[in-house]
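To start, the structure itself, in structure tokens.
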Amino acid sequence: MTVSNAIVAGPDEHGLGEELAALGVEIVRIDGLVTATKLEDAEIADADLFVLTDVEEATGIPVAKELNPDVRIVTYASRSLPQFVATVADLAVDPDLLGPETVAEELLADDGEP
């Protein structure tokens, strides 16, 4: 799977969205609550990647998967995901351990496989 578009939800103070955009990925952002309506407006059905930077909005992960079972879920946050969604996410990365440039390159290099 080629990553051509991604939804970034939450504050992106580390700039992962910008790094993905620099590599040619079309980025749509969701601010605030991650709801089904906002995900639909961001065209989750066509998204290759859903990046969540705020684990407080983790309830958006199963909603995103329900709307697009093929979307790859990545969290890029210092805090751990709540147990109820930890198994739904494909990848969890701590920005203190890997910078946004490396994460973006790896997300595009591995053809979307978890």
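Laid out as a table, the results:
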| item | result |
| --- | --- |
| Residues of the range 82-98 that turn out to be surrounded by 15 or more Cβ atoms within 10 Å (Cβ to Cβ) and either touching a residue at least 60 places away in the same chain (Cβ under 8 Å) or within 13 Å of the chain's Cα centre (by Cα) (or both), as a count | 6 |
| Among residues of the range 1-34, those that are part of a loop (DSSP other than H, G, I, E, B) and either among the aromatic types (F, W, Y) or out of contact with any helix residue (DSSP H, G or I) (no Cβ under 7 Å at 6 or more places or on another chain) (or both), counted | 10 |
| Given (1) assigned to a helix (DSSP H, G or I); (2) in contact with a Pro (Cβ under 9 Å, 6 or more places away or on another chain); (3) of a type in the set (V, I, T), index of the condition T37 fails | (2) |
| Answer residue from the range 22-46, given it is more than 13 Å from the chain's Cα centre (by Cα) and of a type in the set (G, A, S) and is modelled with the lowest pLDDT among those | G32 |
| Number of positions in the range 1-28 that are under 19 Å from A77 (Cβ atoms) and surrounded by fewer than 14 Cβ atoms within 10 Å (Cβ to Cβ) | 2 |
| First in the range 37-48 and without any contact (Cβ under 8 Å) to a residue 40 or more places away in the chain, second anywhere and polar (S, T, N, Q), Cβ under 8 Å, 6 or more apart | E43/N5; I44/N68; A45/N68 |
| Test set (1) surrounded by fewer than 18 Cβ atoms within 10 Å (Cβ to Cβ); (2) in contact with an Asp or Glu (Cβ under 6 Å, 6 or more places away or on another chain); (3) not basic (K, R) - E56 fails condition number | (2) |
| Members of the range 59-78 found to be over 15 Å from N5 (Cβ atoms) and buried (at least 20 other Cβ atoms within 10 Å of the Cβ), listed by number | G60, I61, T75, Y76, A77 |
| Unique match (being modelled with pLDDT under 95 and either of a type in the set (A, V, I, L, M) or assigned to a strand (DSSP E or B) (or both)) among V63, V103, V85, V74 | V85 |
| Counted residues, the range 8-31 - those being of a type in the set (A, V, I, L, M) and touching a residue at least 60 places away in the same chain (Cβ under 8 Å) | 5 |
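The values are calculated or read from the model by the stated rules, or taken from the named source; none is laboratory data. Just so it is clear, the model here is predicted, and its values are computed rather than measured. Neighbour counts run over all protein chains shown; Cβ positions are idealised from the backbone, glycine included.
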